[in-house]
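Inspection log for the structure reproduced underneath, given as structure tokens.
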Amino acid sequence: MARETFLSYRSYVWFWLCFFALLAMTVVYLLDDPIGGKNGGTIVGYTYGGIATAGILFLMWYGIRKRAYFSARTTLKGILSAHVWIGIALIFVVPLHSGFSFGINVHTLAYVLMLLTIFSGIWGVAMYQRLPYEIQSQRGGGTLKVLMEQVRSISADINRMAASDGGKGAPKSDAFLRMLQQLDFVYQPSLWRSLRRKNPEPIERRSMADSLSSLPIEEQEDGLKLIGLLNKKRELVGRAQEEARALTWVRIWLYLHLPVSFGLIAALAVHIFSVFFYW
Ligand code: HEM
Ligand code: HEM
């Protein structure tokens, strides 16, 4: 399947739509010459304030729509392109609305919160773009689960190998079990710990050679197989860690983008209420 990015075709459509809308709004703004100067309280000011509010409500609606009837696979397409470009356009719509006037007040607070939401959104897009496609489309979970199953299955193979006597009637030697103890490890997946934990390295050649040479001749073959399994396990754990790390960042990011957007809605409600009732 082709990799869908924010710069895909549909994304350009939204980009140009927003670009021309902004251009038209700027021309109207420049031509407008209201009594008392340009500000949020003129006809153009009210209109642009209304447009900005409609834009913000549309962006908030994305969260509802996403949960209501979007399958997880369709997220980073179509409607999200609109989300991205309308969001970015709002950076310019609001100054056009307020006549480029800002102050230390709740109106400007709404703008600052909007900027924070937008910049966190841009960060989110940059982050999503770097994630493996599976995480982009499923927001984690899927691949991590499969990888964890593989880690469990390979751990079971390793344990079976340590317990088996290879059909020769004797249990594994102490040297074999020592090698296992030195080179194997238990992996407990944890989303938060994945941020700090380093990926396991492949087994060094030197310790591989040392361990193998300590084994009795008849266990050498099993020893080699064991090293193969252990290395595969390390690789799988490394990949699981990477998925977990990516997933954690997506969560951290959402905990930022979403609350700031609610803060914006609160400040915006106060702004609109105050201009209508106290201005
Ligand atoms: C229906 C929507 C809106 C209405 C009716 C509205 C109304 C107004 C009015 C009447 C003013 C004039 C006050 C002044 O000039 O100082 C104003 C200014 C302002 N508005 Fe809005 N607005 C709306 C949406 C928004 C939105 C969405 C934002 C930003 C997120 C915003 C941010 C501002 C800012 C920063 C100012 C300038 C404050 C200042 O001069 O210190 N407004 N708005
Ligand atoms: C005023 C501006 C914005 C508001 C109010 C807003 C609001 C939201 C909301 C409510 C969600 C849904 C989160 C959820 O429920 O999981 C969301 C998701 C998202 N937003 Fe924004 N957003 C804004 C601007 C932006 C911008 C400018 C970008 C990117 C440049 C962006 C990128 C994203 C991304 C990547 C997602 C998550 C997509 C997904 O997981 O499906 N947002 N935003």
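Okay, residues lined up against (1) open to solvent by less than 50 Å² (accessible area, probe 1.4 Å); (2) assigned to a helix (DSSP H, G or I):
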{"residue": "LYS172", "(1), (2)": "yes, no"}
{"residue": "ARG178", "(1), (2)": "no, yes"}
{"residue": "VAL186", "(1), (2)": "no, no"}
{"residue": "PRO189", "(1), (2)": "no, no"}
{"residue": "GLU201", "(1), (2)": "no, no"}
{"residue": "ARG206", "(1), (2)": "no, yes"}
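Residue-level check: of (1) assigned to a helix (DSSP H, G or I); (2) touching a Lys or Arg at 6+ places or on another chain (Cβ under 6 Å), GLY238 misses just (2). Any residue in the range 47-64 that's under 13 Å from VAL84 (Cα atoms): show its pairings with residues that are of a type in the set (Val, Ile, Thr) and within 13 Å of ligand 2 (Cβ to nearest atom) at Cβ separation under 8 Å, as long as the two are six or more apart or on different chains. Once the first residue is under 13 Å from VAL84 (Cα atoms) and sits in the range 47-64, its partners that are of a type in the set (Val, Ile, Thr) and within 13 Å of ligand 2 (Cβ to nearest atom) give GLY55/ILE86; GLY55/VAL93; ILE56/ILE265; PHE58/ILE86; LEU59/ILE86; MET60/ILE265; TYR62/ILE79. ARG67 falls short on exactly one of the conditions (1) within 11 Å of ligand 2 (Cβ to nearest atom); (2) at pLDDT 85 or above; (3) open to solvent by 30 Å² or more (accessible area, probe 1.4 Å), and that condition is (2).
Touching a residue at least 12 places away in the same chain (Cβ under 8 Å) and farther than 30 Å from ALA110 by Cβ - does that describe any residue in the range 248-270? Yes, some residue in the range 248-270 is touching a residue at least 12 places away in the same chain (Cβ under 8 Å) and farther than 30 Å from ALA110 by Cβ. Kindly indicate whether LYS233 is charged (D, E, K, R) and surrounded by 13 or more Cβ atoms within 10 Å (Cβ to Cβ). Considered against the rule, which asks whether it is charged (D, E, K, R) and surrounded by 13 or more Cβ atoms within 10 Å (Cβ to Cβ), LYS233 comes out as yes.
Mind checking whether some residue in the range 22-43 is within 12 Å of ligand 2 (Cβ to nearest atom) and modelled with pLDDT of 95 or more?
Step one: filter the range 22-43 for residues within 12 Å of ligand 2 (Cβ to nearest atom), giving none.
Checking the range 22-43: not a single residue is within 12 Å of ligand 2 (Cβ to nearest atom) and modelled with pLDDT of 95 or more.
The values are calculated or read from the model by the stated rules, or taken from the named source; none is laboratory data. Bear in mind the structure is a predicted one, so any value in this text is a computation, not a measurement. Here Cβ is always computed from backbone atoms with ideal geometry, including for glycine, and neighbour counts include all displayed protein chains. In case anyone asks, the SASA skips ligands and DNA or RNA and just uses the protein heavy atoms, side chains included. Shrake-Rupley method; radii C 1.70, N 1.55, O 1.52, S 1.80 Å.
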